[in-house]
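Single-structure report; data block below.
The values are calculated or read from the model by the stated rules, or taken from the named source; none is laboratory data. Keep in mind that what you see is a predicted model, and the values were worked out from it rather than measured. All Cβ positions, even for glycine, are placed from backbone atoms using ideal geometry, and neighbour counts span all protein chains on display. Keep in mind that these areas ignore ligands, DNA and RNA; they rest on the heavy atoms of the full protein, side chains included. Shrake-Rupley method; radii C 1.70, N 1.55, O 1.52, S 1.80 Å.
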Amino acid sequence: MQSSMSPRSAFPGILTAVKPGEVTVQVEIQPGPDRLVIPQSNRRRTAALAVTAALLVPALAACGSGSGSGSKNDVKNDAAASTSASVTAGSKAAHLTVLAASSLTDAFKTAGAAYEKAHPGTKITFSFAGSQELAAQVKQGAPADALVTADTKTMDGLKAETNAPAIIAKNRLVIAAGKGNPFKVAALKDLTGTKIKVVLAAPEVPVGRYSKQILDAQKIEVKPVSQEPNVRAVLSKVELGEADAGLVYKTDTKKSGDKVVVVDIPDAENAVASYPAATLKGSENTEAAAAFVAWLSASEAQKILQDAGFQKA
């Protein structure tokens, strides 16, 4: 004898309500209280969830036809996994634009790839330049979500445009001497010769300001043949043989190979560069931007930065 069954009991997955501007998806695992209801009001997200629910109906129906506690547990587990997948698929993808100091180029390319892999649906585009250039872009209203500079002074000048920053890394300066170090540069004082061509970053650039700071502290006067807009430009001049030596961050020489000879500067004569990161108040992706900036202080990102030669914040 056939028992009487309500439509809700007969189908393990049904679409229970459709309203203008709102779709409510209800997937029932079995008759009774074991059911999952996912209401959504966002039109785009609910459309995706509705389609997912429709696709789940046959699969869940097949699972529900089994008997015994084992079958019920399997169905519940499958439903939880499917629900998690559908919610992820329905999440809004974030495309973040991050303005970052030139010295972070290599480390942030690696970090960005790692973050995208761990956060499907998030895409990060980096714009690398000297910190002073990045500050100008922010003040001019360039569309971006986060900013990382190579000094606190530049970030402090953007309090009206940024949220509270956090230091994510530190760096130190070194002397990058030309291939083979023909002038036998061993210390800062060796940059004062009349024949050696030295290139520095411009004084408004963080690395240029740090360079001036350490040279002035040692009462060393250097007459650079050029002043560059960022640290990568300084290193490039030395690598190409257009200059005999320059002051750069230690991290920038990691991939120079034998193009340059790295001469360390003693801590007592050196300067520490701090890298603050902050979200921008004008970001249209505030939650995603905040998540990325927070991640930069987490263990995975810190390992990437330290592998690239940065010091722990």
Where a residue in segment 297-313 is over 11 Å from TYR275 (Cβ atoms) and its partner, wherever it lies, is charged (D, E, K, R) and assigned to a helix (DSSP H, G or I), with Cβ under 9 Å and at least six apart: ALA308/ASP106; GLY309/LYS250; GLY309/ASP252
Please determine, by comparing only the residues of segment 110-137 that are in contact with a strand residue (DSSP E or B) (Cβ under 6 Å, 6 or more places away or on another chain) and β-branched (Val, Ile, Thr), which one is farthest from ALA201 (Cα to Cα). THR122
Which of the residues spanning segment 134-164 are open to solvent by 40 Å² or more (accessible area, probe 1.4 Å), farther than 21 Å from PHE310 by Cβ, touching a residue at least 60 places away in the same chain (Cβ under 8 Å) and assigned to a helix (DSSP H, G or I)? none
Find all pairs meeting these conditions: Cβ atoms under 6 angstrom apart; at least six residues apart or on different chains; first residue within segment 176-187 and closer than 9 Å to VAL261 by Cα and touching a residue at least 12 places away in the same chain (Cβ under 8 Å); second residue open to solvent by less than 90 Å² (accessible area, probe 1.4 Å) and part of a loop (DSSP other than H, G, I, E, B). ALA177/VAL185; GLY178/ASP244
Considering only segment 256-303, state which residues are within 11 Å of the chain's Cα centre (by Cα) and outside any strand (DSSP E or B). ALA288, ALA289, ALA290, ALA291, PHE292, VAL293, ALA294, TRP295, LEU296, SER297, ALA301
Check off (1) open to solvent by 70 Å² or more (accessible area, probe 1.4 Å); (2) in contact with a strand residue (DSSP E or B) (Cβ under 9 Å, 6 or more places away or on another chain); (3) on the phi > 0 side of the Ramachandran plot for ASN181 and give me the number that stays unchecked. (1)
Residue count, segment 203-223 (criterion: surrounded by 20 or more Cβ atoms within 10 Å (Cβ to Cβ) and of a type outside the set (S, T, N, Q)): 6
